[in-house]
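One structure is given here, and the rest of the page talks about it.
Every number here is computed from the coordinates shown, using simple stated rules; none is lab data. Treat the numbers as computed from the prediction; the structure is a model and nothing was measured. Heads up, the Cβs are rebuilt from the backbone with ideal geometry, glycines too, and the neighbour counts pull from every protein chain shown.
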Amino acid sequence: MLSAIIGLGALGCIFGAMLSLASKKFHVQLDPREEALIGALPGTNCGACGFPGCQGMAKAVLKGEAPTNSCTAGGAEVTQRVSAIMGVEAVIKEKEIAVIMCKGGRKEAKDRFRYAGIHDCKAASMIAGGAKSCGYGCLGLATCETVCPYDAIKMDGNALPVVDEKKCTGCGICAANCPKFLIKMIREPNQIHIRCNSLDKGAVTRKNCSVGCIVCKKCEKACPVGAITIRDNLAVIDPFKCDNCRKCVASCPTDTIENYYSGEPRFASLIEKQLDESQSNAAA
Amino acid sequence: MIDNEMTWYMIALSAILVNNIVLIRFLALCSFFGVSNKIEVSLSMGMAVIFVMTLASAVSWAIWYFFLFPLKIEFLRTASFILVIATLVQLVEMYIKKTSPALYNALGIYLPLITTNCAVLGVAILIIDYKLGFLTSIIYTIGVAAGYTLSIVLFAGIRERIDMAPIPEILKGTPIIFITAGIMSLAFLGFTHLFGL
C-alpha cells in the first residue's frame, strides 16, 4: 500500500518535473496577440466561422486569412474587441437569426406512416424522405435542438422547433444540419416570414398541410412595395425590400405568413406553458 | 502467441497480418474511422503512430522491469503506463515544436490524438503479458504499428473509392464505412494460423 502510493507519487512528480523543465527549455515564443484573441472570442468552439474552434479562427485572423468580423456568434461586441487587438477598423456584420420556414406541426400536417427509428431528422429523412405528409416539411425530431450550441432552439408541443431570438447568435449550425433545409438565416430587422418551404403545386400543398403556401398570390398583390414574388410554387419575400408593414400577414388565407417575433417572444410563452403544465401535474 | 524464441520476421508477420491490431484485436478503432478520409492523411497518422508507439513501449518496458516489478506494485500497471504515454507525447510534442516546426505542422493534431489511442496502451500491456525481452518488444511494437498503418492506409484507399461509388441512399456515410471495416476484418481473418502463428 505505502510503496504503491510512494511509487506512483514519485512517478507523477518525476514526470511533472520533467514536463515543466521541458516546457521552459523548449519554450517557443508565440505571438502575444494570439492569446489575447483567444480571450476575446466566445470560446464555445461552435465552428460557425468555418475554422476548427476559436483557436483556429484566432490563428487565421493573425495570418490575415480571416476578416476580424468572422465570428458570427459573438456579434458586434466580439468584432470590436478582435479588431481592437489587430489594430484595424471594425466592420460590424448585420446580425442574423434562424427562422424555421415551416409551420406544419403534428396537427397541421399528418404523418404518412409511423416512424419508429432513431429520434433524429437526418436518420428519418433517409427513409422515404421522412414520415411527414409534405415532403418539404419539418420532421419534428429535434435535430436542430440537439445541435444548437447556444440552447436557443426548443421543440414545442406540436413537434415544431421554436427559436429563442434572444439566445440565437446567428451561427447557422442548425441551418447546416437540417436535412430539409428549412432553417434560413434572416437579417434581424426582417420580421415577416413566409413560413413554408413547399415547392409542390398549390392543390398538393393544400392536401398535405393546412398551413402551407397554396400559391394564391394574394400576398403578392397585397404587398405595397413589391417585395413578394412567386417562385417555383412558393411566395418569397425579398428581405431588402420588405418594410414589415404586415399587409401580407392579413391577406394570407392559410396563415402561412406571420410575424415570427410578434409581441412577447413565443419562446417565453412556451416555457411558461410548460411550467404551468408541470405545476398542474404536480398538483394532480 | 509471441515469445522470445521466435525469429524477428515471424514476430513482425504475426503483428502485421495475423494479429492485426485494428482488424483482429479491434483496438484503435476511433482513429481508424476518424482519420481515414484520405490516403496521405492516414499515412502520416500511421507514421506518427509508429514513432510514438515504439518510444512508448520502450519506456513502459523500462518502467515495468526497473520500477514496478522490483517494488512489487504491478497492479499499478495501467495507471503508470497511461502516465508514461501522456507525458511522453507531451515531451515529444514540445521537442518537435522547438526543433522542427515543419514536422510539428505536418503531424499537427495527430500527436495529441495518439495520447488517447488505446492501441498504444494495448501494446505496452501486451509486451508485458507476453514477457518479451527489450529487443523483441521493440520489434513487436514496430510490427503492430506497421499493421495499424497498413490497415488504415488500405481502408483510406477503399474510402476514397466509396466516395465516388453509387451507394444506396440508406447506406451512405457512416453505415457503409462500418460494413467495409467489417468485411476487411473478415478478410484479415483469412491470415489466421498462417505459418502456424
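Summing +1 for each Lys or Arg and -1 for each Asp or Glu among the other residues whose beta-carbon sits under 10 angstrom from that of B:Ile128 gives 0. On the beta carbon distance between A:Val88 and A:Lys167, with R0 = 30 Å, the FRET formula returns roughly 0.55.
For region B:1-88, the set of GluC sites (Glu not before Pro) satisfying both a DSSP loop assignment and a count of at most 14 other C-beta atoms within 10 Å is given as B:Glu5.
Phi angles across region A:171-181 convert, under the Karplus curve 6.51 cos²θ - 1.76 cosθ + 1.60 with θ = phi - 60°, into 3J(HN,Hα) values of 6, x, 5, 4, 4, 6, 9, 6, x, 9, 6 Hz, Gly and Pro given as x. Taking the longest Cα principal axis of chain A as reference, the axis of helix A:266-283 is set at about 90 degrees. Annotation for A:Ile5 and A:Lys95: the two label points, set 7 Å from Cα along the Cα-Cβ direction, are 5.6 nm apart.
Taking every DSSP helix (H) stretch of at least 4 residues in the protein assembly as shown, weighting each as -39,500 (n - 2.57) and dividing the sum by the residue count yields a mean residue ellipticity at 222 nm of -15500 deg cm²/dmol. Within region A:1-87, the proportion of Cα pairs with more than 22 Å between them is 46 percent.
Inter-chain Cβ neighbour count for B:96-105, averaged per residue, equals 1 (cutoff 10 Å, partner chain atoms only). The simple Förster model, with R0 at 56 Å and r as the Cβ-Cβ distance, assigns A:Gln279 and B:Ala102 a FRET efficiency of 0.30.
Dividing the mean sequence gap of close Cα pairs (under 8 Å, 6+ apart) by how many residues chain A holds gives a relative contact order of 14 percent. With each label modelled as a point 7 angstrom along the Cα→C-beta vector, the A:Cys245-B:Cys118 pair spans 6.5 nm. The angle separating the long axis of helix A:53-63 from the principal Cα axis of greatest extent in chain A is about 80 degrees. Taking A:Val61, A:Val215, A:Val88 in turn, the Gaussian network model of chain A (Cα-Cα springs below 10 Å) assigns the largest fluctuation to A:Val88.
Calculate, for B:Tyr95 and B:Glu40, the FRET efficiency according to 1/(1 + (r/R0)^6) with r their C-beta to C-beta distance and R0 35 Å; round to the nearest 0.05. Result of the calculation: an efficiency of 0.90. Relative to its residue count, region B:8-189 spans a Cα convex hull of 122 Å³ per residue. Based on Cα contacts under 8 Å between residues 6+ apart, region A:96-188 shows a relative contact order of 39 percent. Largest mean-square fluctuation among A:Asp200, A:Asp31, A:Asp243, in a Gaussian network model of chain A whose springs join Cα atoms under 10 Å apart, belongs to A:Asp31. For A:Tyr150, B:Tyr140, the sequence from fewest to most other C-beta atoms within 10 Å is A:Tyr150, B:Tyr140. Picking from A:Gly157, A:Gly47, A:Gly75, which is most flexible by a Gaussian network model of chain A using Cα springs under 10 Å? Looking only at A:Gly157, A:Gly47, A:Gly75, the largest GNM fluctuation is found for A:Gly157. The trypsin sites (Lys or Arg not before Pro) of region B:1-95 that meet both conditions, a loop assignment by DSSP and at most 12 other Cβ atoms within 10 Å of the site Cβ, are B:Lys72.
Relative to the dominant Cα principal axis of chain A, helix A:2-25 is inclined by about 80°. Using 10 Å bins from zero, what percent of all Cα-Cα pairs in region A:172-238 falls into each bin? With a bin width of 10 Å, the distribution comes to 20, 45, 31, 4.
Packing, taken as the mean count of other beta carbons within 10 Å per residue, orders the peptides A:92-99, A:15-22 from highest to lowest as A:92-99, A:15-22. With kT/(6 pi eta Rh) evaluated at 20 °C and eta = 1.002 mPa s, and Rh the Kirkwood radius from Cα pairs, region A:96-188 diffuses with a coefficient of 163 µm²/s according to Stokes-Einstein. Viscosity 1.002 mPa s, temperature 20 °C: what is the translational diffusion coefficient of chain A from Stokes-Einstein with a Kirkwood Rh over Cα pairs, rounded to a whole number of µm²/s? My calculation gives 96 µm²/s for D.
Neighbours of B:Gly157, meaning other residues whose beta-carbon lies under 15 angstrom from its beta-carbon, give a summed charge of 0 when Lys and Arg score +1 and Asp and Glu score -1. Note on region B:66-174: Rg/Rh from C-alpha atoms, Kirkwood Rh, equals 1.09.
Average projection, convex hull of the Cα set of the protein assembly as shown: 32.2 square nanometres. Is the shape of region A:35-86 best called rounded, prolate or oblate, per the rule: a/c under 1.5 gives rounded, else a/b larger than b/c gives prolate, else oblate, with a ≥ b ≥ c the square roots of the Cα gyration tensor eigenvalues? Taking the square roots of the gyration eigenvalues as a ≥ b ≥ c, region A:35-86 is rounded. For region A:134-222, applying the loop criterion from DSSP together with a ceiling of 16 other beta carbons within 10 Å to the trypsin sites (Lys or Arg not before Pro) yields A:Lys166, A:Lys167, A:Lys201, A:Lys217.
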